[in-house]
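The values are calculated or read from the model by the stated rules, or taken from the named source; none is laboratory data. The shown structure was predicted, so the numbers you read here are calculated from the model rather than taken from an experiment. Here the Cβ positions follow ideal geometry from the backbone for every residue, glycine too, while neighbour counts run over all protein chains shown. The protein model used for the area step is the full one, side chains on, heavy atoms only, and it has no ligands, DNA or RNA in it. Shrake-Rupley method; radii C 1.70, N 1.55, O 1.52, S 1.80 Å.
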Amino acid sequence: MTAVPAQRVLFHGVTGSGKTSAAHAYTVITGIPEFSADDDLGWLPNWEGRPIEDQYRIAASIAARDRWVLDSAYSSWRDIILARTDLIVFLDNPRWLSLGRLVHRTIRRIVSKQPVCNGNTETLRRALAKDSIIGWHFKTFSRKRDAIEKIRADPSMPALLSCPVLSCP
């Protein structure tokens with residue numbers, strides 16, 4: 001008898017922790033449909049934020065499915081996703097690791113002009129801006145870790161697998 005993988009999985013962690021890569025690897029192994037918080041919910045072309053009402057609607061549509069993998073959940077609609085999540089995989093990396101990955105990834109995307117989401121690309125100007133992804137890492141690091149601690153402490157929450165420094169199976 002083989003184990004059935006979790007069917008509704010949320011990957012969660014700080015910015016730069018590897019959520020998207022880990023979620024993608026899970027979908028490749030399981031064949032479960034993959035959704036991206038940034039592509040499918042958060043951002044439109046030209047770095048325009050999707051209206052929050054649309055994010056709620058899309059999040060509810062994803063959560064209602066029988067099978068999904070989501071690479072993150074914004075705090076504004078996380079409760080919609082958590083209500084239907086079977087498993088949360090928390091990528092619990094220290095700041096130095098996630099920040100190093102984030103800086104490396106950002107530089108690679110600037111040089112290659114690789115699209116990030118919905119045709120949006122990173123630029124040096126954007127990377128150095130006050131609201132850059134690197135600034136976002138600093139702004140949200142503690143808040144995201146605190147949110148996971150609250151989830152971890154709440155017995156009504158879904159199962160949580162915490163993966164420190166790349167040790168997830």
Exercise. Out of the residues in the range 142-160 that are of a type in the set (A, V, I, L, M) and more than 19 Å from Asn93 (Cβ to Cβ), state the one that is surrounded by the most Cβ atoms within 10 Å (Cβ to Cβ).
Key: Met157
Self-check item: Failed condition for Ile62, given (1) open to solvent by 20 Å² or more (accessible area, probe 1.4 Å); (2) touching a residue at least 24 places away in the same chain (Cβ under 8 Å); (3) within 22 Å of Pro45 (Cβ to Cβ); (4) not in a strand (DSSP E or B)
Solution: (1)
Quiz item: Any idea which residue in the range 1-22 is modelled with the lowest pLDDT, counting only those that are part of a loop (DSSP other than H, G, I, E, B) and not small (Gly, Ala, Ser)?
Solution: Met1
Quiz item: Looking at the range 23-37, which of its residues are open to solvent by 60 Å² or more (accessible area, probe 1.4 Å) and either at pLDDT below 95 or in contact with a Pro (Cβ under 8 Å, 6 or more places away or on another chain) (or both)?
Solution: Ile29
Practice problem: Out of Gly42, Gly18, report the one residue that is over 20 Å from Cys163 (Cβ atoms), among the small types (Gly, Ala, Ser), open to solvent by less than 50 Å² (accessible area, probe 1.4 Å) and touching a strand residue (DSSP E or B) at 6+ places or on another chain (Cβ under 8 Å). | Solution: Gly42
